[in-house]
Structures are given as C-alpha cells and as structure tokens.
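The structure appears below as structure tokens.
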Amino acid sequence: MSAPAFSDEEFRLWSEWLAAEYGLAFGPQRRDLLRTRLEPRRAALGLESFEQLFFHLRYHPEAEAERQRLLPHLTNNESYFLRERGSLEVLRAEVLPALRARLGATGELRLLSAACAAGEEAYTLAAVARESGLFRWPSQVRVTGLDLDPAALERARAGCYGEHAFRGVEPAWRRAWFTERARCAEVRPALRAVTVFQQANLVQPGWWSALPPPQVIFCRNVLIYFSEPAVRCAAEALYAALAPGGYLFLGHAESLRHVPVPFTVERRPGALFYRKPEAPR
C-alpha cells in the first residue's frame, strides 16, 4: 500500500509543531523530506494519515515513547572524528592553555558537545584535552555530550565506530584512542573515563540547569537546521549555560551575527569563536 498524501494542513501542523517543540525548520522546500521521515512511524503504527500520526504524538497515552521512536527519523546525526580542525587547533593551542592557567592544578575543566550525534565530537574533545597534557587525568576533566536523539546517544555510549567516522583521520591517532574489534573500532577506557552522555533539547528552557557550567561548548552544524526563533532561543541558552569567560564554537556555516546575545566574536586562522564576558569582579 502506498503512503497517503501529505496535505497542506498536515504539513502546516507538523512544521509548526516541530519548530516549536524541537526548533527544527521544515520549510516548503523540505516538505517532501518531512513526509519521507514521518512515513516509517505512520506505517509502523498502522495509521491512515499523517494527521492521525500527529495527534497520536500529541495526545496518546504512549505519546512520549512514540516521540522517542520518531526522533531518530527527524534529526541529522552525520559526524566524524577531528571534524573542522581549525576549531580544534584553537582549542589545543590557545583555549586549553588559557584555561589551565585559570583553573590551576585543581579546578575542573568542563567541555560540552551540544548536539553530539553519536559521540564523535565529544570523544574528540576528550582526546584533545588528554593530548594537551595540561590536566590531571581523569580527575580534572569532564566532557559531556548532549543530543536530542536517544538512538544516537545509545551509539555514543557504546563507543564503537565504523570506517565512515574516521574519514580523514590519521592512522596513528586512531590507534592511540581506539581498540580494533571485529566489526568496529572501540573507544579506549581513557576517553570513556571522562565522557558522559545525556539527552537534551536545546530549545527547551533550562536544559543546562543540572550541568556545572562548562568553560567550552562546541555546538557545530546544528543551528543550520533550526528556525530563526529557535536559533535565538538556543543561542540564549548556550550563553546562559557557559561559564563566565567561556568559549563557544559553532560550525563553519553558522553565525550569531544577527542574534542579540552579548558574546564577543574572535577570529583566528581557520576558526571563529565566541566569548562570554568575564563575571564582574
């Protein structure tokens, strides 16, 4: 049986709700993509229309469980290790030494990978911190990965990756941080010891409230999928989450130029990042 039509009214219901609930922007040009991503759950539930699926996710007693099943179909979890190396080089050469001077021998370094997908970025940040040799390991370092997709978080916690996650990665780096298994490369215990993963929705208020303020946040290649109001909401939340004087790195295609959040912008060769002002003395 072929999939039902995706009416104008159904598209309006879904696009407005997904923008409000998760910040995801499905404009008219992405209408067919949205239908394709909804179809597996509609078919699995045996519902006759996308409108029925919409109301199922809003009002059914098992709505929350079904939302968790749908999320992997809606989000983009494409990532890989050592992605966008310009930002990582700034972290290694400038940010970590500055934070070591500030934190001393006992303060905790906290790194946050927001929208961490299957954990590649979070483990990358842990490896860069370890390679710096600036912090006692593991007691002085904490890396947190946050993502909306529960299936992606399960893969992150499993810590096993195929060849696609290592494209462009030097063999020596892979050998240093991964153990080769029959079907994947498994993250070594040294990185697991400092890395935790949690579910979070970056456009829902207060998602950061239970986290100790990180000094560094990487939130790369996620805002490009958000609506304009969601970008503002996420930027305000990232600002609130970040420790005073902290650093925010976005993806190369992302900017907060038109977002009224009081970051200062700093540029380095191959990288641009944002600083939160220091707390008043």
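Some values worked out for this structure:
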item: Residue within the stretch 201-224 that is touching a Pro at 6+ places or on another chain (Cβ under 7 Å) and either without any contact (Cβ under 8 Å) to a residue 12 or more places away in the chain or within 29 Å of residue 27 (Cα to Cα) (or both) present; result: no
item: Candidates 167, 142, 183, 174 - the one that is open to solvent by 10 Å² or more (accessible area, probe 1.4 Å), within 29 Å of residue 103 (Cα to Cα) and of a type in the set (D, E, K, R); result: 142
item: The stretch 11-56, subset of a type in the set (Gly, Ala, Ser) and touching a strand residue (DSSP E or B) at 6+ places or on another chain (Cβ under 8 Å), residue surrounded by the most Cβ atoms within 10 Å (Cβ to Cβ); result: 23
item: Among (1) part of a helix (DSSP H, G or I); (2) closer than 23 Å to residue 225 by Cα; (3) open to solvent by less than 50 Å² (accessible area, probe 1.4 Å), the one test that residue 64 misses; result: (3)
item: Near pairs, Cβ below 6 angstrom, 6+ apart or cross-chain, from the stretch 1-23 (modelled with pLDDT of 95 or more) to any residue that is open to solvent by 30 Å² or more (accessible area, probe 1.4 Å) and basic (Lys, Arg); result: 6/35; 11/31
item: Subset of the stretch 244-281 (residues that are open to solvent by less than 50 Å² (accessible area, probe 1.4 Å) and assigned to a loop (DSSP other than H, G, I, E, B)); result: 245, 246, 251, 254, 256, 259, 261, 263, 276
item: Criterion violated by residue 222 - all others in (1) in contact with a Gly (Cβ under 9 Å, 6 or more places away or on another chain); (2) over 16 Å from residue 148 (Cβ atoms) satisfied; result: (2)
item: Some residue of the stretch 216-227 being open to solvent by 10 Å² or more (accessible area, probe 1.4 Å), not in a loop (DSSP other than H, G, I, E, B) and not hydrophobic (A, V, I, L, M, F, W, C); result: yes
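The values are calculated or read from the model by the stated rules, or taken from the named source; none is laboratory data. Just so it is clear, the model here is predicted, and its values are computed rather than measured. Cβ: placed from backbone, ideal geometry, glycine included. Neighbour counts: every protein chain shown. To get the accessible areas, we keep the full protein, side chains included, count just its heavy atoms, and leave off ligands, DNA and RNA. Shrake-Rupley method; radii C 1.70, N 1.55, O 1.52, S 1.80 Å.
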